[in-house]
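Enquirer: First, the structure itself, so that you have it in front of you.
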Amino acid sequence: MQENTQDSSRRAMGEALFTLMANDEYQKITVLEICQHAGLSRRTFYRHFRTKKDVLNYMLGQLLQDFIIEFGSESLSFEEAVMGSFTYFYKHRQLLTLFLRHGQFHLVTRILEDYMRNACTQERARLMDQPGMACYFDSYMAGSLSAVLRLWVKNGFDKPPAELARFTLSLNKCAEIN
């Protein structure tokens, strides 16, 4: 399936922003620089986005969609979701590094929370026998996974994805969450 013009413009803006973030501070990158690097006009930028942060959110959304395509969403167990997350994010470690370096890692946490809310539905139902507690489960799981991912990025991806996923799962078993 061929990508439509709107999607290709959005993706070009996102890729331009990530390329610029590799060399410049996020706060100093301008919309004009993003447009010039993407080969698109400011008008095109504002047709799709209001701010640079909207571009980051779009690109994270694309990462999440790609993750869901690769691993599925609703039929995963929590173990499969954690294993898949580490494997997937290792493939995209340069982007995680950019998010951490530019103080935007909280966006990764939000994406993980969205993913947890939509994935592992059977797991959530099994664990959440109290009304209104599912959102706390999502937040805990996304936050703990995000904290481990953040440290992994900070430490230069010093552990293999499978080892870190197994360790993370063992921590959840210690807390009797899993």
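Enquirer: Suppose each label sits 7 Å from its Cα in the direction of the beta carbon; what would the ARG50-GLU70 distance come out to in nanometres?
Expert: 3.1
Enquirer: May I have the count of lysine pairs in the chain with C-alpha atoms under 18 Å apart, counting pairs 8 or more residues apart or located on different chains?
Expert: Pairs that pass both the separation and distance tests number 4.
Enquirer: If I take every Cα pair under 8 Å that is 6 or more residues apart in region 1-62, average their sequence separation and divide by the length, what percent do I get for the relative contact order?
Expert: 42
Enquirer: Would you mind calculating the relative contact order of the chain from Cα pairs under 8 angstrom and at least 6 residues apart, reporting the percent as a whole number?
Expert: Here the relative contact order equals 23 percent.
Enquirer: Calculate for the chain the 222 nm mean residue ellipticity that helices alone would give, adding -39,500 (n - 2.57) per DSSP H run of length 4 or more and normalising by residue count, nearest 500 deg cm²/dmol.
Expert: When only DSSP H runs of four or more count, the value is -23000 deg cm²/dmol.
Enquirer: Fewest first, what order do LEU95, LEU151 take by the number of other Cβ atoms within 10 Å?
Expert: Least to most surrounded, the residues fall as LEU151, LEU95.
Each value in this text was obtained by applying a stated rule to the coordinates, not by laboratory testing. No experiment lies behind these values; they were computed from the predicted model shown. Methodologically, a virtual Cβ is constructed for each residue, glycine included, from the backbone with ideal geometry; neighbour enumeration extends over all protein chains shown.
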